[in-house]
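**Q** Structure provided below as structure tokens; questions to follow.
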Amino acid sequence: MDPQELSDVKRALGRQLARWRSTRGLTQDDVARRVHSTRSTVANVESGRQVVDRIFWAQCESLLRAGGELLSGYDEYRSLEVRHQEEKAEAARHARWGAVLDPAMIAEASSPDPAQGPARARVLPEGASGTAADLAVAIVEVDGLRRSLNETLTLGSINASGLDEWDRIVTHHGRATRDRSTGALLRDIAGDLTELIELFGRRPSASALSRLTGMAAQMSGLLCLVLCRIDDTTAAHRWARTARLAAIEAGEPMIQAWVLAQEAHVHYYRTDFGEAVEVARYAQEIAGHRASAGTALAAAIEGRTHAATGRREETRAALGRAEDFLSRLDGDAVSASAFGYSEAQLRFHQENAYTRLGEVDAALAAQERALELCSPGDYTDWALTRLDRAICLTETGHATEALDSLTETIGSLDEARRQGIIAERARLVLDTLPPVQRSSSIARDLRALLTEGR
């Protein structure tokens, strides 16, 4: 497929939006406000630089009464994009294996043998040498065997027990976000999400489809969270949009609030503070300001965002709402999980907000409480809290102690755990040190350590 064709369709779609907007007498600001977006996003879409997701186009379709033209245009673009991505993936697959396998062997490794049925697995054929190429083919085939067996065992409609098992899987991943490395989380969540997606092809009942869609929203939100932690905010933002679309389809306001809170978190780390506040407030509104892990998290992120822009009163008001939401939570909603919210998380968000505001005494008090409550293995919040403490120590004239604390914190994490937002925050702490400590051999060694794996 010619990539230019895809670009042409994108620009044509943008022109359609601009035409319908003008027909209805609306400005870009008018559209942005009514579809919960930004003027720059509308402008980028109309100029063909951006497409965004189906939620945006569904809202524009409804607002502008475009007779289905905008949604059908979007769907046409996405179908072309999927085709383009499939062609790129196929080319990449052949390029990767071309050095060790001929095309016939690639096809044989990727396709089942009709004579043997879908569950056939050669693994290592007789006489295979056991080279890396042989093992790579074996891995592909063994996983194909597993998936074929899963299909055989789960033919027919999805029963309640099967859905309950998937609920447990999603819950497990939520808890694993507290202590597993981001690389392992990314791999495990993506693998299970791939299999969850396959269930949609089995024509589930309406109630089963609703549950599956809610789980897909939660899993997408978890991917958003993990990608944000490794500081890939572009990919995190895409998954946040997918999570939002799935949550809307599921029709569960509390799930919508939770995925919107994750999206607000992404905007915060992208330093798109206006969008972060808007999405965080929308998360609270869509849940009717009822207490949930999502509304508590959204209010806390709103508070951190206000702090980042120096709005003290707004910061305190948002943190106060987070505290109120937390006081009304119980059961699993206060568990140590991405799907829960606890006092430990609130104190972490609180101390970060006070650190950003430069309110050192309040920040240190919140840090002490956050570290006291931090669950064993929750390395992300623990490390970020200690890094904020180092910033406070520097501001109070204890730069040497700050450097020692920074070194101890980063030194206690392996390479997989100190990447992403932790490494980025640590580099910021180093930059805030006075020249004497910043130019010391300890600081130089630490900076070199933080550069590894970038």
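The values are calculated or read from the model by the stated rules, or taken from the named source; none is laboratory data. What you see is a predicted model; the values in this text were computed from it and never measured. Don't worry about glycine lacking a Cβ; one is built from the backbone with ideal geometry, like all the others, and counts go over all protein chains shown. Surface accessibility is based on the protein's heavy atoms, side chains included, excluding ligands, DNA and RNA. Shrake-Rupley method; radii C 1.70, N 1.55, O 1.52, S 1.80 Å.
Yes/no matrix, rows are residues, columns are (1) assigned to a helix (DSSP H, G or I); (2) closer than 21 Å to residue 254 by Cα; (3) among the polar types (S, T, N, Q):
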position	(1), (2), (3)
180	no, no, no
216	yes, yes, no
228	yes, no, no
240	yes, yes, no
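**Q** Could you please let me know if residue 350 is open to solvent by 10 Å² or more (accessible area, probe 1.4 Å) and at pLDDT below 95?
**A** Details: open to solvent by 10 Å² or more (accessible area, probe 1.4 Å): yes; at pLDDT below 95: no.
Judged against the criteria, residue 350 is not a match.
**Q** Say we look at the stretch 323-333 and pick out the residues that are modelled with pLDDT of 85 or more and in contact with a Phe, Trp or Tyr (Cβ under 8 Å, 6 or more places away or on another chain); which of these is nearest to residue 255 (Cα to Cα)? Quick ask: steps written out before the conclusion?
**A** We begin by selecting, within the stretch 323-333, every residue modelled with pLDDT of 85 or more; these are 323-330, 333.
Add one more test, that the residue is in contact with a Phe, Trp or Tyr (Cβ under 8 Å, 6 or more places away or on another chain), and what stays is 325-326, 329, 333.
Working: 325: 16, 326: 17, 329: 15, 333: 12 Å.
Restricting to residues being modelled with pLDDT of 85 or more and in contact with a Phe, Trp or Tyr (Cβ under 8 Å, 6 or more places away or on another chain), the top hit is 333.
**Q** Turning to a different aspect of this structure: Between 296, 291, 300, which is under 17 Å from residue 256 (Cα atoms), at pLDDT below 95, open to solvent by less than 50 Å² (accessible area, probe 1.4 Å) and touching a helix residue (DSSP H, G or I) at 6+ places or on another chain (Cβ under 9 Å)? Give the steps one after another, and end with the answer.
**A** On the way: 296 fails: at pLDDT below 95; 300 fails: at pLDDT below 95.
Answer to the check: 291.
**Q** Taking the condition within 16 Å of the chain's Cα centre (by Cα), in a helix (DSSP H, G or I) and not polar (S, T, N, Q), does residue 208 pass? So that I can check it myself, show each step before the final result.
**A** On the way: within 16 Å of the chain's Cα centre (by Cα): no; in a helix (DSSP H, G or I): yes; not polar (S, T, N, Q): yes.
Judged against the criteria, residue 208 is not a match.
A quick yes/no check of all residues on (1) at pLDDT 90 or above; (2) more than 20 Å from residue 244 (Cα to Cα):
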| site | (1), (2) |
| --- | --- |
| 28 | yes, yes |
| 31 | yes, no |
| 37 | no, no |
| 42 | yes, no |
| 46 | yes, yes |
| 49 | no, yes |
| 52 | no, no |
| 58 | no, no |
| 66 | yes, yes |
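**Q** Scan the stretch 1-20 residue by residue and report those that are within 13 Å of residue 57 (Cβ to Cβ) and either open to solvent by less than 40 Å² (accessible area, probe 1.4 Å) or not basic (Lys, Arg) (or both).
**A** First, the residues of the stretch 1-20 that are within 13 Å of residue 57 (Cβ to Cβ): 10, 13-14, 16-17, 20.
13, 14, 16, 17, 20 - these are the residues of the stretch 1-20 that are within 13 Å of residue 57 (Cβ to Cβ) and either open to solvent by less than 40 Å² (accessible area, probe 1.4 Å) or not basic (Lys, Arg) (or both).
**Q** Please determine whether any residue of the stretch 86-101 is of a type in the set (Gly, Ala, Ser), within 27 Å of residue 249 (Cβ to Cβ), at pLDDT 85 or above and open to solvent by less than 60 Å² (accessible area, probe 1.4 Å). If you could, list the steps in order and put the result at the bottom.
**A** Taking the stretch 86-101 and keeping what is of a type in the set (Gly, Ala, Ser), we get 89, 91-92, 95, 98-99.
Restricting the remaining residues to those that are within 27 Å of residue 249 (Cβ to Cβ) gives 89.
When the remaining residues are screened for being at pLDDT 85 or above, the result is none.
Scanning the stretch 86-101 turns up no residue that is of a type in the set (Gly, Ala, Ser), within 27 Å of residue 249 (Cβ to Cβ), at pLDDT 85 or above and open to solvent by less than 60 Å² (accessible area, probe 1.4 Å).
**Q** Within the stretch 320-348, how many residues are more than 18 Å from residue 287 (Cβ to Cβ) and in a helix (DSSP H, G or I)?
**A** Number satisfying all stated conditions: 4.
**Q** Are any residues in the stretch 390-426 open to solvent by 30 Å² or more (accessible area, probe 1.4 Å), within 27 Å of residue 227 (Cα to Cα) and over 22 Å from the mean Cα position of the chain (by Cα), and if so, which ones?
**A** 407, 408, 411, 412, 414
**Q** Still on this structure, please answer the following. Go through (1) touching a residue at least 24 places away in the same chain (Cβ under 8 Å); (2) closer than 18 Å to residue 408 by Cβ; (3) touching a helix residue (DSSP H, G or I) at 6+ places or on another chain (Cβ under 8 Å); (4) not acidic (Asp, Glu) and name the single condition residue 386 misses.
**A** Going through (1) touching a residue at least 24 places away in the same chain (Cβ under 8 Å); (2) closer than 18 Å to residue 408 by Cβ; (3) touching a helix residue (DSSP H, G or I) at 6+ places or on another chain (Cβ under 8 Å); (4) not acidic (Asp, Glu) one by one, residue 386 breaks only (1).
**Q** Take residues that are in contact (Cβ under 8 Å) with a residue 40 or more places away in the chain and tell me which of the helices (runs of 4 or more DSSP H) falling wholly in the stretch 22-84 contain 3 or more. Break it down stepwise before answering.
**A** Numbers: elements: 28-34, 39-46, 54-64.
Filter on the stretch 22-84 gives 54-64.
**Q** Next question. Which of the residues belonging to the stretch 303-334 are among the polar types (S, T, N, Q), touching a helix residue (DSSP H, G or I) at 6+ places or on another chain (Cβ under 7 Å) and either within 23 Å of residue 382 (Cα to Cα) or open to solvent by less than 20 Å² (accessible area, probe 1.4 Å) (or both)?
**A** Kept after step one, since they are among the polar types (S, T, N, Q), are these residues of the stretch 303-334: 305, 309, 315, 327.
Restricting the remaining residues to those that are touching a helix residue (DSSP H, G or I) at 6+ places or on another chain (Cβ under 7 Å) gives 305, 309, 315.
The answer is 305, 315.
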